[in-house]
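Asker: One structure coming up, written as structure tokens, with questions to follow.
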Amino acid sequence: MRLPSISSLLCLAGLVALPVNAYDDPNIKSIPLRTHSLSPPYLDSDFQSRWFDFGGDTVIRADKYVRLTADRPSQQGWIASRVPLTATNWQIELEFEIHGSGNLHGDGFALWLTKERATQGPVFGSTDKFEGLGIFFDTYKNNRPGVSFPYVMAMMGDGKTTYDQAHDGKANELAGCSARGLRSAPVPTKARLTYFQDKSLSLELQYKSEDSWTECFNLSAEDSNIAIPSVAYLGLSAETGELSDNHDIVSLKAENLYSLNRGNNNKGKTTEDQSKNRGRSAPRPVKEKSSWSWFLLKTVLFFAVIVGGYFGWTVYRTKARSSRF
Ligand SMILES: *[C@@H]1O[C@H](CO)[C@@H](O)[C@H](O)[C@H]1NC(C)=O
């Protein structure tokens, strides 16, 4: 009963904006979350942002970026959503640029989905002992033998645990990867974080070539604690110490994900049946129905335009004629 209403909603959304399909799986539809997205000019006419606020050393240049820190020592800056991200399944795509002069750089920036909001502190410019998820883009190696930097890692904070600053978060690491070339990359650098509640949390990076994503990690709820607090704010922060870099956010795009493949149809079946169904590539009736109604709508609109155009033209011709006499 729930699925048809979602698919008709999607049709409606498709009327206003073109249907988006950020996620590769054709059975997954996405709806943009304006409340958690950022793009130029970032600010409205009052130099405010309706959905985000920012502080510390953050500077916004309307045509270019949200600069969390400039390439100067001892900077801290942040930007945070005003409302929590309450979607069950979502994808966040971030475009950023880390660059600076000199030979040594630091310290990096972080993406947050935490209960805390807009609280400055020592962990990449944000508060320690946070509750929720932190993704750290760490550009300076303090002490982590055998690991090449920049290093990207996830930490799930419980509100009590301190970030292992001395060892670049080694004690807290949920998952991570080295990303040599993330700084000053020749292509736009991006990170894409995908969350399916009680299922998976994955991070992909783009920095080697355009439109090519590299998997950083893909965790399943069975093996790791990936439970993000149900009330979590989306934030970004960065910090420089003795060493520095520009940490620029170019855009942030959040989307709510809906699976068209999952319904009440699976009720009563065994888990094995369900996983078999999930793996099936054939589209389910719901999907067909939604594309059918979309087609019907387009056809009706097409004829409406033709009839309207003909009617308008007739009226115009009649008027033109009568004005001649
Ligand atoms: C993560 O792994 C799951 C299960 O193997 C898979 O379905 C999903 O597509 C993967 N996610 C990404 C972004 O690669």
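Asker: Take residues that are touching a strand residue (DSSP E or B) at 6+ places or on another chain (Cβ under 8 Å), open to solvent by less than 30 Å² (accessible area, probe 1.4 Å) and without any contact (Cβ under 8 Å) to a residue 40 or more places away in the chain and tell me which of the strands (runs of 3 or more DSSP E) falling wholly in the range 102-175 contain 2 or more. First the steps, then the outcome.
Answerer: Working: elements: 108-114, 120-123, 131-138, 151-158.
Once the strands (runs of 3 or more DSSP E) in the range 102-175 are filtered for at least 2 residues that are touching a strand residue (DSSP E or B) at 6+ places or on another chain (Cβ under 8 Å), open to solvent by less than 30 Å² (accessible area, probe 1.4 Å) and without any contact (Cβ under 8 Å) to a residue 40 or more places away in the chain, what remains is 131-138, 151-158.
Asker: Here's another thing I want to ask about it. Of all residues in the range 222-233 being more than 16 Å from the ligand (Cβ to nearest atom) and among the small types (Gly, Ala, Ser), which is least open to solvent (accessible area, probe 1.4 Å)?
Answerer: Step by step, filter the range 222-233, then rank; the result is ALA232.
Asker: Let me ask another. Filter the range 229-244 for residues that are under 17 Å from MET156 (Cα atoms) and hydrophobic (A, V, I, L, M, F, W, C); which is modelled with the lowest pLDDT? Reasoning before the result, please.
Answerer: Initially, the range 229-244 is screened for residues under 17 Å from MET156 (Cα atoms), giving 229-237.
Restricting the remaining residues to those that are hydrophobic (A, V, I, L, M, F, W, C) gives 231-232, 234, 236.
Numbers: VAL231: 94, ALA232: 97, LEU234: 98, LEU236: 98.
Among those that are under 17 Å from MET156 (Cα atoms) and hydrophobic (A, V, I, L, M, F, W, C), it is VAL231.
Asker: ARG183 passes all but one of (1) farther than 30 Å from SER209 by Cβ; (2) open to solvent by less than 60 Å² (accessible area, probe 1.4 Å); which number fails?
Answerer: (1)
Asker: Condition check: out of contact with any Phe, Trp or Tyr (no Cβ under 8 Å at 6 or more places or on another chain), in a loop (DSSP other than H, G, I, E, B) and open to solvent by less than 50 Å² (accessible area, probe 1.4 Å). Does ASP63 satisfy that? Full working, then the answer.
Answerer: On the way: out of contact with any Phe, Trp or Tyr (no Cβ under 8 Å at 6 or more places or on another chain): yes; in a loop (DSSP other than H, G, I, E, B): yes; open to solvent by less than 50 Å² (accessible area, probe 1.4 Å): no.
No, not satisfied.
Asker: Give the number of residues within the range 175-221 that are within 11 Å of the ligand (Cβ to nearest atom) and of a type in the set (D, E, K, R).
Answerer: 4
Asker: For ASP53, are the conditions met, namely being over 20 Å from the mean Cα position of the chain (by Cα) and either surrounded by fewer than 19 Cβ atoms within 10 Å (Cβ to Cβ) or closer than 27 Å to LYS115 by Cβ (or both)?
Answerer: On the way: over 20 Å from the mean Cα position of the chain (by Cα): no; either surrounded by fewer than 19 Cβ atoms within 10 Å (Cβ to Cβ) or closer than 27 Å to LYS115 by Cβ (or both): yes.
Here the answer is no, as ASP53 does not meet what is asked.
Asker: Please verify whether SER39 is open to solvent by 50 Å² or more (accessible area, probe 1.4 Å) and in contact (Cβ under 8 Å) with a residue 40 or more places away in the chain, treating the condition exactly as stated.
Answerer: Values: open to solvent by 50 Å² or more (accessible area, probe 1.4 Å): yes; in contact (Cβ under 8 Å) with a residue 40 or more places away in the chain: yes.
Against the criterion (open to solvent by 50 Å² or more (accessible area, probe 1.4 Å) and in contact (Cβ under 8 Å) with a residue 40 or more places away in the chain), SER39 qualifies.
Asker: If you don't mind, there's one more thing I want to ask. Exactly one condition in (1) under 27 Å from ALA87 (Cα atoms); (2) at pLDDT below 95 is false for TRP292; which is it?
Answerer: (1)
Asker: State which residue pairs qualify: first residue within 19 Å of PRO32 (Cα to Cα) and of a type in the set (D, E, K, R) and inside the range 185-204, second residue more than 9 Å from the ligand (Cβ to nearest atom) and open to solvent by 20 Å² or more (accessible area, probe 1.4 Å) in any location, beta carbons under 6 Å apart, and separation of 6 or more residues or different chains.
Answerer: LYS190/GLU95; ARG192/GLU93
Asker: Might you let me know whether the range 72-82 holds any residue that is in a strand (DSSP E or B), touching a helix residue (DSSP H, G or I) at 6+ places or on another chain (Cβ under 7 Å) and open to solvent by less than 20 Å² (accessible area, probe 1.4 Å)? Before you say what the answer is, go through the steps one by one.
Answerer: Applying the first criterion (in a strand (DSSP E or B)) to the range 72-82 yields 76-81.
Adding the requirement that they be touching a helix residue (DSSP H, G or I) at 6+ places or on another chain (Cβ under 7 Å) leaves 81.
Subsequent filtering for residues that are open to solvent by less than 20 Å² (accessible area, probe 1.4 Å) retains 81.
For the range 72-82, residues in a strand (DSSP E or B), touching a helix residue (DSSP H, G or I) at 6+ places or on another chain (Cβ under 7 Å) and open to solvent by less than 20 Å² (accessible area, probe 1.4 Å): present.
Asker: Can ILE226 be described as modelled with pLDDT of 85 or more, closer than 29 Å to GLU173 by Cβ and not polar (S, T, N, Q)? Show your work before the answer.
Answerer: Details: modelled with pLDDT of 85 or more: yes; closer than 29 Å to GLU173 by Cβ: yes; not polar (S, T, N, Q): yes.
Against the criterion (modelled with pLDDT of 85 or more, closer than 29 Å to GLU173 by Cβ and not polar (S, T, N, Q)), ILE226 qualifies.
The values are calculated or read from the model by the stated rules, or taken from the named source; none is laboratory data. The structure displayed is predicted, hence computed values, not measured ones. Ideal geometry is used to build each Cβ from the backbone, glycine not excepted, and the neighbour counts take in all protein chains shown. Please note that ligands, DNA and RNA were not included when accessible areas were found on the heavy atoms of the full protein model with its side chains. Shrake-Rupley method; radii C 1.70, N 1.55, O 1.52, S 1.80 Å.
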